[in-house]
Amino acid sequence: MDGTNRWLAHSSMSDPGGHAGVVADLPADLGALNAIVQGVMVHSSWVKEYGLDPVVLSTTARKTLPIAERLDDVMVRDSRALDLPRPAGRRSVGTCRDFALMLCSFLRGKSVPARVRCGFAAYFSSGWEDHWVCEYWDADARIWRLSDPQIDEILKQKLGIAFDPTDMPRDAFTTAGEAWLKCRRSDADPSGFGHGSTTGWWFLKVNVMRDHYVLNGRETSSWDRWREAPEAKRVVLDGETELLDDLAARPEQPIIQREPDW
């Protein structure tokens with residue numbers, strides 16, 4: 001037993017519900033699954049690159065939906081088979097977490113252990129940008145690999161990406177815990193990690209907690225409300241460092257009930 005079976009079962013967010021039969025019939029090839037995700041979704045921050053007007057975005061564009069609801073939305077917009085790419089204007093609008101969650105759901109439906117990871121990507125800007133990807137178990141090599149189903153040909157060209165999005169190098173994406181520990185060792189600058197202008201130790205803390213939660217089947221949590229936190233709350237408190245060190249090193253440990261105070 002390698003312990004990966006923990007990530008075979010669906011969470012309430014990854015469960016495709018009434019779409020389970022359709023998902024089971026999808027191809028097993030990872031590249032094909034990435035392409036299917038790309039063909040039914042568009043990222044809310046990149047709509048202009050696909051010729052869309054951001055003003056007309058859905059109000060749920062930045063709300064991570066359970067996959068059953070996401071696939072409902074996909075089919076309402078275009079009822080054809082999932083493996084048929086939609087024009088950008090008929091795709092469901094979401095964020096990187098929705099892309100990662102959909103691929104995770106598809107892989108679990110294929111009996112492949114998979115999980116969503118919260119961390120930072122190096123390919124969107126000069127720093128490490130807040131990002132979510134899918135991590136899947138390669139049973140032959142007995143290692144976890146990374147896939148970013150958001151990175152299609154348009155984004156590869158726009159961002160100058162040369163790596164294979166279905167098997168990303170570990171220097172392209174770092175989990176939140178890895179980033180925290182690098183900074184604690186002074187191997188990296190915490191100001192280089194964040195979301196836009198919000199960077200540093202506090203945002204690292206937010207993502208350490210979110211990655212810990214997602215590995216325990218909570219793809220969404222109260223930590224997602226970080227934008228609401230006033231400046232006075234955007235700190236790492238005395239006494240939190242030891243806990244965060246432990247969660248960064250062992251994010252898969254049983255969940256610690258700790259809600260943000262903002």
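No lab work stands behind these numbers, since they all come straight from the coordinates. As the structure is a prediction and not an experimental result, all values here were calculated from the model. Neighbour counts run over all protein chains shown; Cβ positions are idealised from the backbone, glycine included.
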Once phi is turned into θ = phi - 60°, what whole-Hz ³J(HN,Hα) does the Karplus curve with 6.51, -1.76 and 1.60 give for every residue of region 132-142, x standing for Gly and Pro? 10, 9, 9, 10, 10, 8, 8, 5, 5, 7, 6
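Are there trypsin sites (Lys or Arg not before Pro) in region 107-201 that DSSP puts in a loop and that have at most 12 other Cβ atoms within 10 Å, and which ones? List each step's numbers first, then the result.
On the way: sites: Arg108, Lys110, Arg115, Arg117, Arg142, Arg145, Lys156, Lys158, Arg170, Lys182, Arg184, Arg185; in loops: Lys110, Arg142, Arg170, Arg185.
Counting only loop positions with at most 12 other Cβ atoms within 10 Å, the trypsin sites (Lys or Arg not before Pro) in region 107-201 are Arg142, Arg170, Arg185.
How would you rank Ile151, Ile143, Ile161, going from fewest to most other Cβ atoms within 10 Å of each one's own Cβ? Numbers along the way, then the final one.
On the way: Ile151 25, Ile143 8, Ile161 17.
Fewest-to-most ranking of Ile151, Ile143, Ile161: Ile143, Ile161, Ile151.
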Per 10 Å bin, what percent of the C-alpha pairs of region 1-102 does each bin hold, from zero upward? 14, 48, 29, 7, 1, 0
The ³J(HN,Hα) series, computed from each phi in region 92-103 with the Karplus coefficients 6.51, -1.76 and 1.60 at θ = phi - 60°, rounded to the nearest Hz and given as x for glycine or proline, is 6, 9, x, 10, 4, 5, 5, 4, 5, 5, 5, 4
Please report the antiparallel percentage of DSSP beta bridges with both residues in the chain, rounded to the nearest 5. 80 percent
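What ranking do Leu101, Leu107 get, fewest neighbouring Cβ atoms within 10 angstrom at the top? Display every interim value, and only then the final one.
Working: Leu101 29, Leu107 25.
Placing the least packed residue first, the sequence is Leu107, Leu101.
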Remind me, what semi-axes does the chain give for its equivalent ellipsoid, largest first in whole Å, using sqrt of 5 times each Cα gyration tensor eigenvalue? 29, 21, 18
In region 4-249, how many lysine pairs have Cα atoms under 30 Å apart, counting only pairs 8 or more places apart or on different chains? 15
Placing unit charges on C-beta atoms (Lys and Arg positive, Asp and Glu negative, everything else neutral), compute the dipole magnitude of the chain about its Cα centre in debye, rounded to 20. 380 debye
Projecting the Cα atoms of Asn216, Ser92, Leu159 onto the charge dipole of region 4-249, where Lys and Arg contribute +1 and Asp and Glu -1 at Cβ, the residue farthest towards the positive end is Ser92
Amide H contacts of Arg234 (H built 1.01 Å from N, under 5 Å, at least 5 apart or other chain): none
For a quick check: with amide H placed at 1.01 Å from N, whose amide H comes under 5 Å from Val112's, ignoring anything fewer than 5 positions away on the same chain? none
Ser12 and Phe124 label points (each 7 Å along its Cα→Cβ direction) are spaced in nm at 2.7 nm
Taking amide H positions as placed in the peptide plane 1.01 Å from N, state which residues far from His195 in sequence (5 or more) or on other chains have amide H under 5 Å from it. Asp130
In whole Hz and in residue order, list the ³J(HN,Hα) couplings for region 25-40 that follow from phi through the Karplus curve 6.51 cos²θ - 1.76 cosθ + 1.60, θ = phi - 60°; x for Gly and Pro. 8, 6, x, 8, 4, 5, x, 5, 5, 4, 5, 5, 4, 5, x, 10
